[in-house]
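The values are calculated or read from the model by the stated rules, or taken from the named source; none is laboratory data. What you see is a predicted model, and the numbers here were worked out from it, not measured in a lab. Because the Cβ atoms are built from the backbone with ideal geometry, glycine has one as well, and the counts that use them run over all protein chains shown. Side chains are part of the model used for accessible areas, which takes the heavy atoms of the whole protein and leaves out ligands, DNA and RNA. Shrake-Rupley method; radii C 1.70, N 1.55, O 1.52, S 1.80 Å.
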Amino acid sequence: MWSESHQHHAPASTSFYDLDEYSLAHVFLFLSVDDLDRCLLVCKKFQHIIQRFVYPKKSMKALVTGSGRDSGLSRHRFTFRKRVKLNENWCDGRYEEHTLFHHNAMYISQMAIDRDWLYMTHGGRLQAHQRTKTRHLIDSSTQWEVGFARDADITSLARHEDHFFAGRMDGKVMIYVHNTRQKQYLAVARDTINAVDFNQDVYAITTRHDATYFINRSLPDSNESEYLEELELNRAYVHPQAYETIKLNGHRLAAGKFHCSRKQALQLIDLYSCVTMQLNSQSLAVYDVVWKDDNCMLTGNFDDSMRLVDIRTGNDEACWRDPYNASVYCLSFNGGYAVHCGMKYHHRSNLYDLRVPNNCIQMYFPSKRKHTSPVYGIAADLSQLFLVTDHNLRILNFDADWAAKKDYAAI
């Protein structure tokens with residue numbers, strides 16, 4: 001009798017379809033794009049939830065392709081679904097590889113990208129190559145060029161819009177404004193230029209052994225072309241310390257030394273007061289530095305680490321180490337949470353998530369060649385990763401759902 005009564009009053013079972021939209025959307029967030037595409041075919045209710053809520057939310061949280069991150073660098077306008085799929089490809093190691101501009105003579109090119117152009121140095125020349133939507137990705141022909149083959153190699157490059165600032169091996173810097181075709185060379189020192197940077201107020205230059213120079217860039221009443229003609233080194237402030245890398249952020253300059261036996265290779269220079277602040281980042285050498293925001297910076301270091309440094313405390317707030325104990329030669333930050341690191345060995349680059357300390361999300365090993373090279377320069381947009389080696393430029397295209405998965409995250 002009890003059994004019959006219990007069966008009579010038992011509630012009807014609830015199917016997955018009967019769940020409310022909030023619960024369904026929460027479940028769908030755990031599915032891959034392939035699984036979501038199958039769920040789209042089930043019914044209009046699932047289709048509405050996935051397209052209206054799930055893809056936008058997954059896109060917003062995506063590590064590399066999150067909405068609003070570096071979208072100005074990409075040639076394509078991606079849908080929410082495509083952004084999520086691209087992010088899966090980045091995390092899974094699914095890409096196709098292209099090799100461009102191979103040269104037998106070993107030298108290190110400098111590189112910058114925007115939505116339409118790849119700017120790259122070839123020895124002493126700065127060249128612009130157009131980015132395309134074809135399978136080749138880059139038009140290898142030169143659209144415009146500054147400098148000559150006989151010029152000393154360009155060792156550092158900074159760019160803001162159409163304004164280029166380059167340091168050379170012979171101790172000279174080149175200032176070039178593309179829209180006016182205005183160009184000027186300035187002899188700074190009898191030493192190799194290690195790094196350059198600039199903003200609307202100042203040009204910053206550091207050499208390998210000599211010093212660091214700051215040249216006032218505040219424009220007088222005359223136009224910029226006249227100003228470039230009058231620009232002289234005697235207007236510079238000379239800081240008696242040379243660095244491996246420098247990066248400006250307003251009136252502050254982050255500077256990393258090539259070697260510091262006390263493991264204090266990172267400094268901060270205030271351009272208003274000319275005061276140098278020693279930061280307590282524990283590194284023998286800093287090879288690259290990128291400002292995350294006004295108060296924090298990311299550093300690539302000799303000791304196999306990438307570090308997040310807060311200038312308010314002067315300390316390392318987080319640290320990410322390479323699984324193979326390789327030095328970090330260069331950095332690219334997407335403005336959200338993704339950091340790409342160019343490593344010392346095997347043309348390799350690493351992907352890190354700032355939300356997950358001391359964990360490598362993925363490693364990318366381009367195809368083997370007869371020689372191995374560090375990655376000296378790195379840049380990325382939503383779907384492509386650019387790697388400069390000592391013999392060529394490697395481009396990894398992650399908009400390649402058909403490519404084989406090369407997953408090294410578990411190593």
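Atom-type composition of the exposed protein surface of the chain places 50 percent of the accessible area on carbon and sulfur (1.4 angstrom probe).
Hey, could you grab the Kirkwood Rh for region 113-200? Inverse mean 1/r over distinct alpha carbon pairs, Å, one decimal. Before the final figure, lay out each step's value.
Details: mean 1/r = 0.0737 Å⁻¹.
It is 13.6 Å.
Accessible surface calculations at 1.4 Å, restricted to protein heavy atoms, place region 83-148 at 42 Å² per residue. Calculated mean residue ellipticity, 222 nm, the chain: -3500 deg cm²/dmol, from DSSP H runs (n ≥ 4) at -39500 (n - 2.57) each, averaged per residue and rounded to 500. Over region 321-376, the pair-distance histogram of Cα-Cα distances with 10 Å bins from zero comes to 25, 55, 19, 2 percent, rounded to whole numbers. The label point for Asp35 and the one for His259, both projected 7 Å from the Cα toward the Cβ, are 5.3 nm apart. Radius of gyration over Kirkwood radius for the chain, both on Cα atoms: the Rg/Rh ratio is 1.07. Residues whose amide H falls under 5 Å from that of Gly250, counting only those 5 or more places apart or on a different chain, are absent, with hydrogens built in the peptide plane. Let me see the P(r) profile for region 160-208: every Cα-Cα distance counted, bins of 5 Å, each bin given as a percent of all pairs. Each 5 Å bin holds this share of Cα pairs: 5, 22, 30, 24, 13, 5, 0. Charged neighbours of Gln143, selected by a Cβ distance under 11 Å, balance to -2 (K, R count +1; D, E count -1). The Kirkwood radius of region 345-411, taken over pairs of alpha-carbon atoms, gives through the Stokes-Einstein law at 20 °C and 1.002 mPa s a diffusion coefficient of 164 µm² s⁻¹. Counting only protein heavy atoms and a 1.4 Å probe, region 280-364 has 33 square angstrom of accessible area per residue.
To the nearest 10 degrees, how steep is helix 80-92 against the longest Cα principal axis of the chain, on a 0 to 90 scale? With rounding to tens, the tilt is 70 degrees. Cross-link pairs exceeding 19 Å between alpha carbons, from the set Lys45/Lys85; Lys85/Lys406; Lys292/Lys405; Lys57/Lys85; Lys85/Lys292; Lys61/Lys82: Lys45/Lys85; Lys292/Lys405; Lys85/Lys292. Cα extents for region 240-347 along the principal axes, largest to smallest and rounded to whole angstrom: 43, 33, 22. Convex hull volume of the Cα atoms of region 256-411, normalised per residue: 128 Å³.
Would you mind putting 270-278, 172-180 in packing order, based on average other-beta-carbon counts within 10 Å, highest first? Let's see the in-between values first.
Details: 270-278: 11.6, 172-180: 17.6.
Ranked by mean Cβ neighbours within 10 Å, highest first: 172-180, 270-278.
Per the Cα gyration tensor, region 64-218 maps to an equivalent ellipsoid with semi-axes of 32, 18, 15 Å, ordered largest to smallest.
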